[in-house]
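The values are calculated or read from the model by the stated rules, or taken from the named source; none is laboratory data. This structure is a prediction, so every number in the text was calculated from the model and none was measured. When we count neighbours, we look across all protein chains shown, and the Cβ atoms used for this are built from the backbone with ideal geometry, even at glycine.
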Amino acid sequence: MGGFFGVVSNKDCVVDLFFGLDYHSHLGTRCGGMVIYDDIQGFQRQIHSIDKTPFRTKFEKELNVFQGRSGIGCISDTDPQPLLVRSHLGLYAITIVGIITNIDDLLKKYFTDRSHQFMAMSSGKVNSTELVAALINEKDDIVSGILHAQEVIEGSMTIMLLTEKGEIIVARDKVGRLPVILGKNDDGYCVSFENFAFQKLGYEMFYELGPREIVSMNSDGIHTISPAGENMKICAFLWTYYGYPTSCYEGKNVEVMRCKNGKIMARDEKKRGTLPDLDYVAGVPDSGIPHAIGYANESGVEFARPFIKYTPTWSRSFMPTNQNIRNQVAKMKQIPVPELIKDKKLLFVDDSIVRGTQLRETVDFLYRSGAKEVHMRSACPPIMYGCKYLNFSTSRSEDELLARRVIHDLEGNEGEKHIDEYADASTKRGKCMLKRICEMFKFDSMGYQSLEGTLEAIGIDKDKICTYCWTGKE
């Protein structure tokens with residue numbers, strides 16, 4: 001995924017930018033970057049790898065070196081950024097959040113006249129941020145260039161620029177799949193992916209950009225320079241998984257949604273008479289926990305934590321290249337509480353089940369620890385399609401997705417014609433899929449939250465929510 005933060009202020013902004021970016025560390029583990037503009041020193045930029053060391057540690061020294069009253073930065077799960085770009089539009093810094101699914105076609109177009117080139121990264125790939133800048137530079141002004149880039153890019157693209165006037169220009173992607181939120185204090189303004197990121201810095205919620213909207217920011221104010229569009233498709237997974245619990249999108253808090261979502265799951269199971277006899281309800285750490293709390297509260301079954309995720313020495317960013325070591329790290333993170341597992345009937349709620357790669361290990365771990373029964377619930381519908389708009393559930397093949405593998409196992413290619421039925425647990429095919437998953441992973445029961453339940457929990461107009469990964473519909 002990735003996150004971003006920007007500040008324009010009447011005073012030095014480096015500390016605010018540093019802490020605002022650090023609060024986006026849950027959104028990326030590959031690299032981080034900062035660019036500050038100062039009237040005397042001009043642009044000051046630094047990019048660091050954060051795949052093994054947190055953003056905070058890598059950028060502490062910049063706090064004493066950088067100075068300026070405006071700046072932007074990012075936490076990226078993709079390419080190194082922000083980049084500094086010089087063109088007929090002037091000198092500016094640029095950072096992006098999104099994905100370009102037609103990048104090969106766009107590059108082919110550029111290379112046809114033999115007058116364009118891009119710096120290749122060590123992998124041989126082109127930095128997506130550089131390509132976005134090239135698309136912007138095709139036009140005579142920045143606003144026209146941003147709109148052009150967003151129009152020709154297939155996928156999703158939110159863009160933030162810092163000009164040599166110390167002005168920030170930020171554009172939400174054309175259908176608002178990701179948020180862009182503005183904060184205000186007595187000295188200036190900030191722009192953020194996560195609204196909680198600026199609260200501890202003394203900013204108050206000021207404005208949330210609409211889809212496709214472009215604004216310019218300086219310390220004196222914010223101006224809309226291209227109006228918002230009417231069509232919005234914000235990503236449902238912001239609430240289900242990606243968003244930090246304290247965040248709000250379109251006025252709906254993440255933690256509140258997750259607890260409500262769990263309550264709806266239990267409510268509907270009680271109505272169907274499928275609620276198991278249980279000793280405890282538990283969440284798969286970390287984002288499954290609030291879904292499970294809601295489920296426990298509604299079901300009347302005690303909430304517990306039968307295993308704890310140990311992270312002080314096995315941080316999220318520790319990703320060894322050796323697969324055997326990675327598997328061992330996954331085991332090391334799960335510390336059981338035997339008194340809450342042995343001879344107990346347990347129901348676990350996970351935020352989602354994508355490929356199912358860790359499910360078998362988790363269930364085996366619980367049975368080895370003495371569990372009597374293990375029931376599993378997914379807090380969202382079965383994922384049937386790889387996301388083509390963001391970097392969530394991207395797959396080389398949709399057969400990597402657990403639900404699609406099971407469908408193919410049950411019916412082969414014929415099953416592709418009946419995906420909607422498999423996604424509905426009330427149908428014969430839906431029940432067959434759940435039964436097969438239980439057999440594969442030795443669950444005593446398995447269930448998915450319904451699409452209707454997920455949308456009810458989010459609580460905004462369903463037509464404004466992207467559910468492509470569940471329905472395949474744009």
- Task: State the number of residues belonging to the range 205-228 that are more than 20 Å from GLY243 (Cα to Cα), touching a strand residue (DSSP E or B) at 6+ places or on another chain (Cβ under 8 Å) and not in a strand (DSSP E or B).
- Result: 3
- Note on the structure: From the option list THR95, THR112, single residue qualifying as of a type in the set (S, T, N, Q), exposed (fewer than 12 other Cβ atoms within 10 Å of the Cβ) and either at pLDDT below 90 or under 25 Å from CYS387 (Cα atoms) (or both) is THR112
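Got at least one residue in the range 397-416 being of a type outside the set (Lys, Arg) and within 18 Å of THR274 (Cβ to Cβ)? It would help to see each step written out before you state the result.
At the first step, the residues of the range 397-416 found to be of a type outside the set (Lys, Arg) are 397-403, 406-416.
Still in the list and also within 18 Å of THR274 (Cβ to Cβ): none.
So far as the range 397-416 goes, no, none of its residues is of a type outside the set (Lys, Arg) and within 18 Å of THR274 (Cβ to Cβ).
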- All strands (runs of 3 or more DSSP E) inside the range 289-407 with 2 or more residues being out of contact with any Ser or Thr (no Cβ under 9 Å at 6 or more places or on another chain), surrounded by 14 or more Cβ atoms within 10 Å (Cβ to Cβ) and modelled with pLDDT of 90 or more: 345-350
- Query: Do we find a residue being crowded, with 24+ Cβ neighbours inside 10 Å, in contact with a helix residue (DSSP H, G or I) (Cβ under 7 Å, 6 or more places away or on another chain), among the small types (Gly, Ala, Ser) and closer than 14 Å to ILE96 by Cβ anywhere in the range 177-198?
  - Reply: no
- Query: Yes or no: ILE460 surrounded by fewer than 21 Cβ atoms within 10 Å (Cβ to Cβ), at negative phi, in contact with an Asp or Glu (Cβ under 6 Å, 6 or more places away or on another chain) and touching a residue at least 24 places away in the same chain (Cβ under 8 Å)?
  - Reply: yes
- For SER226, state whether it is modelled with pLDDT of 95 or more and more than 25 Å from PRO306 (Cα to Cα). yes
- Find the helices (runs of 4 or more DSSP H) located wholly in the range 416-462 whose residues include 3 or more that are among the hydrophobic types (A, V, I, L, M, F, W, C), and list them. 428-441, 451-458
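Let's see how each residue does on (1) over 19 Å from the mean Cα position of the chain (by Cα); (2) at pLDDT 95 or above; (3) not hydrophobic (A, V, I, L, M, F, W, C):
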{"site": "VAL7", "(1), (2), (3)": "yes, yes, no"}
{"site": "ASP12", "(1), (2), (3)": "yes, yes, yes"}
{"site": "LEU17", "(1), (2), (3)": "yes, yes, no"}
{"site": "ILE40", "(1), (2), (3)": "yes, no, no"}
{"site": "GLY71", "(1), (2), (3)": "yes, yes, yes"}
{"site": "ASP77", "(1), (2), (3)": "no, no, yes"}
{"site": "LEU84", "(1), (2), (3)": "yes, yes, no"}
{"site": "ASN102", "(1), (2), (3)": "yes, no, yes"}
- Query: Looking at the range 99-117, is at least one residue in contact with an Asp or Glu (Cβ under 9 Å, 6 or more places away or on another chain) and under 27 Å from GLY166 (Cβ atoms)?
  - Reply: no
- Only one of these is among the hydroxyl-bearing types (Ser, Thr, Tyr), out of contact with any Asp or Glu (no Cβ under 7 Å at 6 or more places or on another chain) and without any contact (Cβ under 8 Å) to a residue 40 or more places away in the chain: SER192, SER144. Name it. SER144
- Could you check, for the range 265-275, whether at least one of its residues is buried (at least 18 other Cβ atoms within 10 Å of the Cβ) and of a type in the set (Gly, Ala, Ser)? yes
- Message: For the range 463-474, give me the residue count where each residue is in a helix (DSSP H, G or I) and either of a type in the set (Lys, Arg) or farther than 17 Å from PRO382 by Cα (or both).
- Response: 2
